[in-house]
Amino acid sequence: MPVPGEPRSPFRRLRRALLATFVLALAAVGGLYVLGRPPAPAVIQEAPEPAVEPAGGEARSRRPARSAPVVTSEGFEYEQRVGQRSAFRLRGERFTTDQEGLVSLQGVGLELNRESGEAYQVESRRATWDPATREARLAGEVRLAGGRGFHLEAERLDLLEGGQAVVARSPVTFGLGQRFSGRAAGLRLDLEHDVVHLRDRVRVWGTDAPGESPLGLEADDLAYERESRGLRATGNVLLSSGADRLRAERIDVALLPDESAPRSALATGQVRGSVDPAADEAGDAGALTFEATRVTALFGTRPARPVELELEGEEGVPVRAVLRGSDRVQRALLAPRVKVALAEGRTRAAFAEGGVDLSEAPVDEPTRLLRSATSERLEAEYGAAGELSTVRLLGAVTLRQGEVEATAERAESEVASGRAVLTSARERVRVRSPRGELRAPRVELERTGGVVRARGGVFAELPAGAPGLQLGPATGDGRPPTRVESREADGSEERREWRFRGEVRGSQGDSLLFADELRGTEATGVVVAEGGVRSVWEDRSEGARPVPTTVSAARLVYDRDAREVKYTGGVEVRQAERTMNCETLTVELDQQQRARRMSAAGAVKIVDSVAGRTVTGESAEHDLAARTVLVLGAPVVLSEAGGATVRGRRLLYDLAAGSARMLAEDASP
């Protein structure tokens, strides 16, 4: 023992240092045998400053450079097994171990094995291995490669959780299959489930190929489930293919088996998107923009562009899809569910159901409404150039254009011709405007000129005071509603023209009209009835009781401005017990369009069956207020029932007194 107060021998200190170093070397050699591989001959030297911090993020104090001895050797290998399976295998070309048992490796190779038998290979320039936690940190040009072309590069990777997780806390670049590359701010590879988690604004892009649209994906976070070949992107997600865009809070992408392109995508949460024609093609006909709560997209393989979109809304928030046509009209579609078929970025067909609202506006003036429609369901077909060709609306259809509104059970529109066909099996199609209402089982509407064609039994009604239709002399005061029935009808809102054909029956207050055809023009105020015309109205001249009047003829012409009704062709006028026949009859009207005078011409014949009297002449003037008829002719012949006959040139027939007398040629009636 040393004597207190004496200085220590330097040889004693040297002997203790050598003994400690020898013990440390033995411990290192024994540890390597435990790790599974005999070491190369150990060399005792001072430890350099560690190049890589320990894995797991735990703080370990750094030793001063060249302050503690370590064991350094050539060749290192360690295998972690789970049962009979190798979980991972770590090797290094050269290793160094320190006093805390940490192993620093140079020229590192790491093999990570999944339970399925698939393996990941990792290489780096250096690594730190902690046998106690079985965690490692790899640094320096780290590269990880797996099956099917998956690989990533980073400056540092951590092997955690006993080899079941690989974590990168710094930027990484990666590749998926042979066609996709990307980068992210961090990564976690879950080996148990074979899922790659990428974080902090991830970008994935497809490699360009001739004739194909580049594919891109951006998100705050991305999970790649390698076994199912599925991508789950969350947070401000943008999926793009050429000019096509899909934005959402979350998008799930299923890749093809060879991982060369997306097979489908499901977007949820405030989805917005657009599909545009190829950039090198002229025009944007068939382009589509949309907003929805949920969107399912199916992709074509080459190029990877959407070929089908299923858009879904939620209660109170319908899908909004805007389709742009080659006619420079954009059509906005609102519905709970919309399905669109596409080819090369152009719309080919569209389907909507659950309550559809469709509106049309010029592309340059999207706020100016041209037309609108509602229905339970919509089917639309597009041409090869993206032009809208046919639209079918089914169930509770309503069409609106300007002041015209039409309702039906079904409507089919040919966009090129501007023609729409409306049909109803249970209730008639209804077409309404401020000028009246038209009802029929089948109605055709033409966009240009607002032409309306009704077939299969027509009913029309014009409101009281409407100026467009007058069936003959008015009865009483005012302008009552006008109602017309026929087999078919045509009209033009733009020209304010209309025509009824086939068993026409009209009514206007107490006035009636029957004919084979009835037509008119509101602008000129002319109405024409032809073919078996029969006009029924009441003579309500001042101071006289109403006298029912029926006029039959081949043709009737009503002229609003001239204030007259003219009957031609085998005219017969019947008033109570009297009849008058002639070739033409002109009825003069007052300012209220009531009859005030009738002028007959051509083979006039008056028969009073009660008085047994017949009068013939060349013309006659019937003053309705005075209730007299002046008959003119060369000659005028009066024949009485008893056989008496009187001839002259002028005869005055007093209808009120029931008398008839010849007048001198110069005498006043």
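The values are calculated or read from the model by the stated rules, or taken from the named source; none is laboratory data. No experiment lies behind these values; they were computed from the predicted model shown. Methodologically, a virtual Cβ is constructed for each residue, glycine included, from the backbone with ideal geometry; neighbour enumeration extends over all protein chains shown.
Might you check whether a residue that is of a type in the set (Phe, Trp, Tyr), part of a strand (DSSP E or B), touching a residue at least 12 places away in the same chain (Cβ under 8 Å) and closer than 21 Å to Asp194 by Cβ occurs anywhere in region 112-122?
As a first pass, look at region 112-122 and keep what is of a type in the set (Phe, Trp, Tyr): 120.
Keeping just the survivors that are part of a strand (DSSP E or B) gives 120.
Still in the running and touching a residue at least 12 places away in the same chain (Cβ under 8 Å): 120.
If we keep only those that are closer than 21 Å to Asp194 by Cβ too, we end up with 120.
Yes, region 112-122 contains at least one residue that is of a type in the set (Phe, Trp, Tyr), part of a strand (DSSP E or B), touching a residue at least 12 places away in the same chain (Cβ under 8 Å) and closer than 21 Å to Asp194 by Cβ.
So if I check each of Asp200, Asp158, which one is touching a residue at least 60 places away in the same chain (Cβ under 8 Å), more than 21 Å from Gln270 (Cβ to Cβ) and in a strand (DSSP E or B)? It would help to see each step written out before you state the result.
Numbers: Asp200 fails: touching a residue at least 60 places away in the same chain (Cβ under 8 Å).
Residue meeting the stated conditions: Asp158.
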Selected residue (criterion: modelled with the lowest pLDDT) from residues of region 309-332 that are surrounded by fewer than 21 Cβ atoms within 10 Å (Cβ to Cβ) and assigned to a loop (DSSP other than H, G, I, E, B) = Ser326
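Condition check ((1) over 27 Å from the mean Cα position of the chain (by Cα); (2) on the phi > 0 side of the Ramachandran plot; (3) hydroxyl-bearing (Ser, Thr, Tyr)) across all residues:
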residue: Leu422; (1), (2), (3): no, no, no
residue: Val429; (1), (2), (3): no, no, no
residue: Leu438; (1), (2), (3): yes, no, no
residue: Pro441; (1), (2), (3): yes, no, no
residue: Leu445; (1), (2), (3): no, no, no
residue: Gly450; (1), (2), (3): no, yes, no
residue: Val458; (1), (2), (3): yes, no, no
request  = Would you check if Ser389 is crowded, with 18+ Cβ neighbours inside 10 Å, without any contact (Cβ under 8 Å) to a residue 40 or more places away in the chain and among the hydroxyl-bearing types (Ser, Thr, Tyr)?
outcome  = no
task = Identify all residues within region 511-540 that are of a type outside the set (A, V, I, L, M, F, W, C), within 51 Å of the chain's Cα centre (by Cα) and either within 26 Å of Thr628 (Cα to Cα) or modelled with pLDDT under 95 (or both); write none if there are none.
result = Ser511, Arg519, Gly520, Thr521, Glu522, Thr524, Gly525
message = Quick check on Arg661: is it over 22 Å from Asp539 (Cβ atoms) and buried (at least 18 other Cβ atoms within 10 Å of the Cβ)?
response = no
task = State whether the residues of region 137-149 include one that is surrounded by fewer than 21 Cβ atoms within 10 Å (Cβ to Cβ), touching a helix residue (DSSP H, G or I) at 6+ places or on another chain (Cβ under 9 Å) and at negative phi.
result = no
message = Give all pairs with beta carbons closer than 6 Å in which a residue from region 438-465 that is more than 13 Å from Val404 (Cβ to Cβ) meets a residue that is of a type in the set (Ser, Thr, Tyr); count only pairs at least 6 apart in sequence or on separate chains.
response = Arg442/Thr423; Val458/Ser486; Leu462/Thr482
key: Any hit, region 351-364, residues being free of Cβ contacts under 8 Å to residues at least 24 places away in the same chain, surrounded by fewer than 17 Cβ atoms within 10 Å (Cβ to Cβ) and part of a loop (DSSP other than H, G, I, E, B)   = no
query = Is it true that some residue in region 252-262 is in a strand (DSSP E or B), under 18 Å from Glu353 (Cα atoms) and modelled with pLDDT of 90 or more?
reply = no
query = Which of the residues belonging to region 123-147 are acidic (Asp, Glu) and either part of a loop (DSSP other than H, G, I, E, B) or touching a residue at least 40 places away in the same chain (Cβ under 8 Å) (or both)?
reply = Asp130, Glu135
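I need the full set of residues from region 595-632 which are surrounded by fewer than 21 Cβ atoms within 10 Å (Cβ to Cβ) and under 22 Å from Ala474 (Cα atoms), in order please.
Step one: filter region 595-632 for residues surrounded by fewer than 21 Cβ atoms within 10 Å (Cβ to Cβ), giving 596-597, 599, 601-603, 605, 607-614, 616, 618-619, 621, 623, 625-628, 630, 632.
Selection gives Arg596, Arg597, Ser599, Glu621, Asp623, Ala625, Ala626, Arg627, Thr628.
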task = Hey, could you check region 548-574 for residues that are in contact (Cβ under 8 Å) with a residue 40 or more places away in the chain and not in a loop (DSSP other than H, G, I, E, B) and say which is surrounded by the fewest Cβ atoms within 10 Å (Cβ to Cβ)?
result = Thr549
ask   = Within region 365-385, how many residues turn out to be surrounded by fewer than 20 Cβ atoms within 10 Å (Cβ to Cβ) and either in contact with a Leu (Cβ under 7 Å, 6 or more places away or on another chain) or among the charged types (D, E, K, R) (or both)?
value = 8
